[in-house]
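The values are calculated or read from the model by the stated rules, or taken from the named source; none is laboratory data. Remember, predicted model here, so these are calculated numbers, not experimental data. A quick note on method: Cβ atoms are made from the backbone with ideal geometry, for glycine too, and the neighbour counts reach across all protein chains shown.
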Amino acid sequence: MLKNFWYACEFSSAITNKPKQVLMLNQRFVLYRNYQGEVVVLKDQCSHRGAALSLGWLEDNCIRCPYHGWKFQGDGKCVEIPANEMGRAIPARANVNCYPVQEKYGFVWIFYGDLPAESRPPIPPFPEYQDPQMHPIYLEYEMQTHYTRVIENALDPAHLYAVHGNSFGAGMAQDPTVEDHIIKHEDWGISTKISYRNYTQPRNGIFKYFFRPQKTQLNATISFYLPNITKIESDFGRGKIINYAIHVPVDNHRTISKRIQLRNFFTYAWADRLFIKFHHQVGLEDKIVTESQIPQLIPDNLTNEVHVAADAMNLAYRQIRQKYLAMGWGLNDHQNQREYTHSSLMN
């Protein structure tokens with residue numbers, strides 16, 4: 001896991017004035033909207049006895065701990081300890097961590113790291129999100145594996161005909177060849193373009209209605225943005241689908257993929273359930289295979305697994321990840337968990 005990046009952790013629509021716990025990076029965060037409608041993010045652990053603040057409630061634009069009633073401002077400052085006598089000072093250590101937050105592209109983003117604001121990597125652009133021609137749907141699903149494996153699954157162009165043979169991947173069955181492709185290195189990410197020149201009409205599923213029986217060309221642009229975002233843009237001539245996926249690293253063995261899919265065809269609201277059902281099927285197909293992989297965390301040594309030309313994007317992802325680990329931007333997952341569990345508790 002990497003620090004010093006903006007992490008999208010939840011859909012904006014899921015955050016209200018009722019505190020919500022979000023699990024990410026082996027940590028607990030509490031998110032809520034203050035009276036001004038702004039999202040506040042704090043460490044979800046009271047500095048007193050470690051209770052989850054997300055079980056508390058909002059009061060006077062502050063969050064109150066459900067255990068002993070300690071009250072915290074949106075900046076994490078403890079402003080009231082009910083058990084204290086009037087006038088007794090509140091220890092500075094009573095404060096809890098707060099985190100920089102932004103709302104963008106339908107997500108709440110948390111900056112997790114120690115860089116000053118002017119040095120932080122930007123949130124990557126989602127230009128199609130504001131395009132009125134593109135109709136969005138929102139979905140998520142969970143995988144019991146490390147997020148690096150989930151990212152590689154999304155970037156892998158060679159698994160489609162095998163893993164997704166009963167859905168859209170059936171169109172690749174007659175020609176599963178992956179042409180050589182060039183990796184483009186961008187600011188904070190990588191991308192490539194791939195053409196499936198002999199794509200045939202899938203036998204079942206919603207996509208059989210959008211492809212002709214004869215062979216056609218399916219063009220795809222695959223992108224990765226640090227630290228955990230994939231974008232798959234598929235253009236089949238009669239329409240375009242763009243999938244943005246935020247692969248939230250809950251802990252070392254659990255990932256939640258939160259997705260926005262945009263399409264410029266069949267944009268009726270009533271059709272959303274068909275696309276959601278279809279993408280849950282695709283997600284389940286990926287889940288079965290991805291959860292079977294060992295080790296769950298991709299190897300740090302590039303020679304530990306066998307690679308072929310079709311693995312170019314995955315290799316590029318491993319290399320860019322190694323670059324930032326070498327810079328000291330890696331999180332020691334187990335130490336991070338221990339610090340989370342035991343820090344800030346008063347003696």
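Have a look at PRO136, PRO157, PRO132 and point out the one that is in contact with a Leu (Cβ under 8 Å, 6 or more places away or on another chain), of a type outside the set (A, V, I, L, M, F, W, C), in the same structural domain as THR216 (by the TED database) and not in a helix (DSSP H, G or I).
Answer to the selection: PRO136.
Given the options TYR196, TYR141, TYR105, TYR112, name the one that is touching a residue at least 12 places away in the same chain (Cβ under 8 Å), of a type in the set (Phe, Trp, Tyr) and at positive phi.
Just a single option satisfies the conditions, and that option is TYR105.
If you take the residues of region 63-75 that are part of a loop (DSSP other than H, G, I, E, B) and under 31 Å from the mean Cα position of the chain (by Cα), which of them is surrounded by the fewest Cβ atoms within 10 Å (Cβ to Cβ)?
Top of the filtered list is ASP75.
Please go through region 31-63 and give me each residue that is in contact (Cβ under 8 Å) with a residue 60 or more places away in the chain and farther than 21 Å from TRP109 by Cα, ordered by number.
Of everything in region 31-63, those that are in contact (Cβ under 8 Å) with a residue 60 or more places away in the chain and farther than 21 Å from TRP109 by Cα turn out to be SER47, HIS48, ARG49, GLY50.
For region 268-298, what are the residues that are at pLDDT below 95 and either within 20 Å of PHE224 (Cβ to Cβ) or outside any helix (DSSP H, G or I) (or both)?
Once the filter is applied, which keeps residues that are at pLDDT below 95 and either within 20 Å of PHE224 (Cβ to Cβ) or outside any helix (DSSP H, G or I) (or both), region 268-298 yields TYR268, HIS279, VAL282, GLY283, ASP286.
Every residue, every condition in (1) surrounded by 19 or more Cβ atoms within 10 Å (Cβ to Cβ); (2) charged (D, E, K, R); (3) over 20 Å from ASP131 (Cβ atoms), yes or no:
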position: ARG254; (1), (2), (3): no, yes, yes
position: GLN261; (1), (2), (3): yes, no, no
position: PHE265; (1), (2), (3): no, no, no
position: ALA269; (1), (2), (3): no, no, no
position: SER292; (1), (2), (3): no, no, yes
position: THR303; (1), (2), (3): no, no, yes
position: VAL308; (1), (2), (3): no, no, yes
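Please count how many residues of region 76-105 are among the acidic types (Asp, Glu) and either within 34 Å of the chain's Cα centre (by Cα) or not assigned by the TED database to the domain that holds LEU58 (or both).
1
Does any residue in region 292-320 that is within 20 Å of ILE183 (Cβ to Cβ) come within less than 6 Å, Cβ to Cβ, of a residue that is β-branched (Val, Ile, Thr) and assigned to a loop (DSSP other than H, G, I, E, B) six or more places away or on a different chain, and which pairs are these?
Close Cβ pairs (under 6 Å, with a partner that is β-branched (Val, Ile, Thr) and assigned to a loop (DSSP other than H, G, I, E, B)) amount to ALA310/VAL178; ALA312/ILE183; ALA316/ILE183.
Residues of region 4-49 being surrounded by fewer than 23 Cβ atoms within 10 Å (Cβ to Cβ), assigned to a strand (DSSP E or B) and of a type in the set (Phe, Trp, Tyr), which ones?
Selection gives PHE11, TYR32.
Among the residues that make up region 118-135, is at least one of them without any contact (Cβ under 8 Å) to a residue 12 or more places away in the chain and small (Gly, Ala, Ser)?
Within region 118-135 (the criterion being without any contact (Cβ under 8 Å) to a residue 12 or more places away in the chain and small (Gly, Ala, Ser)), the answer is yes, since at least one residue qualifies.
Considering only region 179-196, state which residues are surrounded by fewer than 19 Cβ atoms within 10 Å (Cβ to Cβ) and either touching a helix residue (DSSP H, G or I) at 6+ places or on another chain (Cβ under 7 Å) or assigned to a helix (DSSP H, G or I) (or both).
Result: ASP180, HIS181, ILE183, THR192.
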